[in-house]
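Some notes on the structure that comes next.
The values are calculated or read from the model by the stated rules, or taken from the named source; none is laboratory data. Keep in mind that this is a model prediction, so the values were computed, not measured. No Cβ is skipped: glycine too gets one built from the backbone with ideal geometry, and neighbour counts run over all protein chains shown. The area values use the complete protein model at the heavy-atom level, side chains included, leaving out ligands, DNA and RNA. Shrake-Rupley method; radii C 1.70, N 1.55, O 1.52, S 1.80 Å.
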Amino acid sequence: MTKKPQRLIVYLVRHGRKDMDRFRKNQGEPCFLSKIGGRQAECLAKKFKGEKIDKIFVSNHERCIQTAEPTSRELSLPLNIDSGLGEISKEFRDAIREGKGYESENVKKEIFRIRKAWNKIMKERGKVVVFAHGGTNRMIISLVLGIEMHKARFGLNPAGITEIRVNEKGKVGIRHSNDTSHLPKSLRETQRE
């Protein structure tokens, strides 16, 4: 049996652990990675060093950029910053938890923003890495699986990788989700939805 060629492989990565102490103090301010998050980012760079990555997409939020920078340096690839990959709002998170509220104009705009960013990525060929947020990545995974967001009730760990494959016919599938095997046990964390 021959393997079908893959048109596109997307490594969907949640940013590393954020500095929660600084985050709580500075609500509304940029949120940076913690020391552990920085070490998780370095592990991601080592993981992707062996891959022939063609492009890196990243959310415009600082913690995602900080997570992506070591991989960018390691692979000598620029970061393609896309605000469409930004974090979802509290209003959107509440709508997901409750399974309703999707009719809000703000939530509709966020869904459109993320779909637009994902559709842009789907036009690529080769291998790409996408550094984004737990909520954003769950939205993308729910699009791939064809399920409603409120049914995508799973956690995505800091620095966890979900591998999405698209074959030449455009069929999309998930090879694995939330993989943290590239991290030493001391840097692995469990994230609830």
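Per-structure values
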quantity	calculated
Subset of segment 42-85 that is over 15 Å from the mean Cα position of the chain (by Cα), outside any helix (DSSP H, G or I) and of a type in the set (A, V, I, L, M) - its residue that is farthest from Arg188 (Cα to Cα)	Leu77
Of all residues making up segment 133-188, the number that are in contact with a Leu (Cβ under 7 Å, 6 or more places away or on another chain) and either in a loop (DSSP other than H, G, I, E, B) or modelled with pLDDT under 90 (or both)	2
Enumeration of residues in segment 86-100 that are open to solvent by 20 Å² or more (accessible area, probe 1.4 Å) and part of a loop (DSSP other than H, G, I, E, B)	Glu87, Ser89, Gly99, Lys100
Only one of Lys90, Lys55 that is out of contact with any Pro (no Cβ under 6 Å at 6 or more places or on another chain), modelled with pLDDT of 95 or more and among the basic types (Lys, Arg)	Lys55
Failed item in (1) β-branched (Val, Ile, Thr); (2) part of a helix (DSSP H, G or I); (3) within 28 Å of Lys171 (Cβ to Cβ), with Val130 passing the rest	(2)
Scan of segment 1-49 for residues that are among the basic types (Lys, Arg), more than 18 Å from His61 (Cα to Cα) and modelled with pLDDT under 65, ordered by number	Lys3, Lys4
Failed condition for Asn167, given (1) more than 13 Å from Gln40 (Cβ to Cβ); (2) open to solvent by 50 Å² or more (accessible area, probe 1.4 Å)	(2)
